[in-house]
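The values are calculated or read from the model by the stated rules, or taken from the named source; none is laboratory data. Keep in mind that this is a model prediction, so the values were computed, not measured. Here the Cβ positions follow ideal geometry from the backbone for every residue, glycine too, while neighbour counts run over all protein chains shown. Side chains are part of the model used for accessible areas, which takes the heavy atoms of the whole protein and leaves out ligands, DNA and RNA. Shrake-Rupley method; radii C 1.70, N 1.55, O 1.52, S 1.80 Å.
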Amino acid sequence: MSYLLIPGPATDNTATMWAAAIDEADDPATLEVLAATGERQVLGSWDYELQGGKRRVKIRRVPFTGLGERSRRPVELRRAGAPVARAMMGTLPKQVPGLEERPFTILLGSCFAQKKDGAGNVGRTFALLPSDVRPDLKLLCGDQVYLDAPSFWTVFPAVREGELKRRLLELYLAAWTQEPGYHTLLADGPNAFTADDHDFWNNAPKGSVTAPATLIPALRKTWLEQAKLLYRAFQRPKPGLIKLDMDGLSIRVGEVRIDRTETDERFMTAEDLAEIRTWARGLTSPGCLVLGQVLFTAPAGTISRHMDLGLPDFRQYHELLDALREAPHSIVILTGDVHFGRVAVCQLLNGQEIVEVIASPLSLVASFPSNEWKSAPGLYPAVAAPGFVQRPISTDKGYQYNGNHFATIGFNRSGGRVRMRVQAWPTENKGRPPVPVRTYERWIS
């Protein structure tokens with residue numbers, strides 16, 4: 001593919017389209033994004049001009065406004081009037097639909113190892129989803145690329161900056177252009193991204209024994225800078241929370257990786273955490289908080305700390321818990337990372353609930369060490385802390401899945417309550433229409 005067109009986040013009347021020219025020397029003034037209903041935006045300039053080896057990628061995001069709620073329309077990227085890439089642009093509803101209407105549906109996915117999905121199973125499964133669960137919004141919550149895989153290339157450091165840039169850029173292009181495959185999913189409807197470690201390298205920003213090149217400080221610095229640049233270019237251009245609101249549901253997409261410190265100080269900026277606190281405290285209906293790592297988990301052990309730090313390993317974790325317990329309504333945590341599907345619930349002292357939904361992986365990066373499904377800890381927080389009353393966590397025993405999949409979460413409203421329906425969809429179906437293997441329903445308020 002020489003050109004790509006992929007939707008970004010959307011609201012009930014706005015949308016953003018991400019356009020890229022790959023190894024092309026076009027004047028952006030000759031490129032435009034045209035919707036089937038007549039809306040048109042000329043690229044005009046480039047936001048990013050990336051180079052890695054002989055590869056050149058130029059990227060531009062263009063906004064569309066004044067769109068109708070919950071609408072879908074084909075869009076084309078055109079060069080001098082001729083279509084060179086296609087996508088489907090969508091918007092969100094203004095309010096959570098009623099019980100008799102098609103639910104507002106989120107697709108939740110994480111951990112896509114493109115080299116392990118040579119058949120394009122993720123995209124093929126997505127394309128065959130039944131119409132009643134076609135997502136209004138896709139939330140891709142970490143490890144959209146594995147920049148440290150295959151791991152052998154990280155053993156002997158790529159000492160030349162140009163070689164490092166080439167390898168990282170080509171890993172993005174392999175995922176974003178896979179058709180049929182990951183591109184099939186990305187190109188159809190709005191996307192919002194958050195990062196986890198493999199969008200950089202395992203356990204980033206700390207140097208990792210699984211990516212020995214990152215143990216060399218100068219190379220680690222260069223790698224981190226380049227991976228951050230690619231993340232901003234391909235996935236999420238701006239810092240801060242992504243805010244998606246409708247009557248009956250409020251969504252915030254956080255960041256717990258790109259602003260993480262090498263020490264145990266913090267995993268997000270103080271500004272983002274303060275905004276989460278304000279958002280949680282001011283909820284007038286249930287909320288969804290999207291994170292790149294799970295909330296219901298225990299601190300890493302002595303050995304694991306060198307491989308995979310989680311949120312509880314940071315001093316800021318209890319500040320996040322404190323922010324969430326101020327919410328007057330239930331909060332749904334949407335996350336991935338841990339390579340299995342799980343739903344768990346904790347009722348706080350004020351009677352409101354935190355419901356955590358995990359969907360991971362889309363495509364498992366390695367079969368060794370073997371991956372095991374794990375129940376949530378029995379208590380939240382898992383380790384007692386001053387000022388916190390530990391509360392029991394209930395893990396749903398009927399929603400256990402340990403395989404490649406994504407989840408859909410459908411929301412319908414009745415009065416002041418919202419029904420959520422979570423379904424796990426395996427991505428390896430040998431071309432057959434997918435069937436959900438796990439289903440979970442709950443009313444939240």
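Remarks
- Flag for residue 255 being in contact (Cβ under 8 Å) with a residue 24 or more places away in the chain, of a type in the set (Asp, Glu) and open to solvent by less than 20 Å² (accessible area, probe 1.4 Å): yes
- Residues considered: 402, 371. Of these, the only one that is touching a Leu at 6+ places or on another chain (Cβ under 9 Å) and over 22 Å from residue 287 (Cα atoms) is 371.
- Taken over the stretch 84-121, the criterion of being open to solvent by 60 Å² or more (accessible area, probe 1.4 Å) and over 23 Å from the mean Cα position of the chain (by Cα) is satisfied by 99, 100, 101, 102.
- Failed item, numbered, when residue 300 is tested on (1) part of a loop (DSSP other than H, G, I, E, B); (2) open to solvent by 10 Å² or more (accessible area, probe 1.4 Å); (3) farther than 19 Å from residue 378 by Cβ; (4) not charged (D, E, K, R): (3)
- Among the residues making up the stretch 343-365, those that are open to solvent by 10 Å² or more (accessible area, probe 1.4 Å) and under 21 Å from residue 125 (Cβ atoms) are 364, 365.
- Restricting the stretch 3-35 to residues that are in a loop (DSSP other than H, G, I, E, B) and in contact (Cβ under 8 Å) with a residue 40 or more places away in the chain, the residue that is nearest to the chain's Cα centre (by Cα): 11
- Of 12, 23, 27, all but one fail to be open to solvent by less than 50 Å² (accessible area, probe 1.4 Å) and either among the aromatic types (Phe, Trp, Tyr) or out of contact with any Phe, Trp or Tyr (no Cβ under 7 Å at 6 or more places or on another chain) (or both); the exception is 12.
Results for (1) more than 24 Å from residue 237 (Cα to Cα); (2) within 25 Å of the chain's Cα centre (by Cα); (3) modelled with pLDDT under 95; (4) aliphatic (A, V, I, L, M), shown as yes or no for each residue.
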position	(1), (2), (3), (4)
38	yes, no, yes, no
42	no, no, no, yes
48	no, yes, no, no
57	no, yes, no, yes
60	no, yes, no, no
71	yes, yes, no, no
74	no, yes, no, no
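- Helices (runs of 4 or more DSSP H) completely within the stretch 96-204 that count 2 or more residues being more than 30 Å from residue 72 (Cα to Cα): 161-176
- Failed item, numbered, when residue 67 is tested on (1) touching a Gly at 6+ places or on another chain (Cβ under 7 Å); (2) within 23 Å of residue 19 (Cα to Cα): (1)
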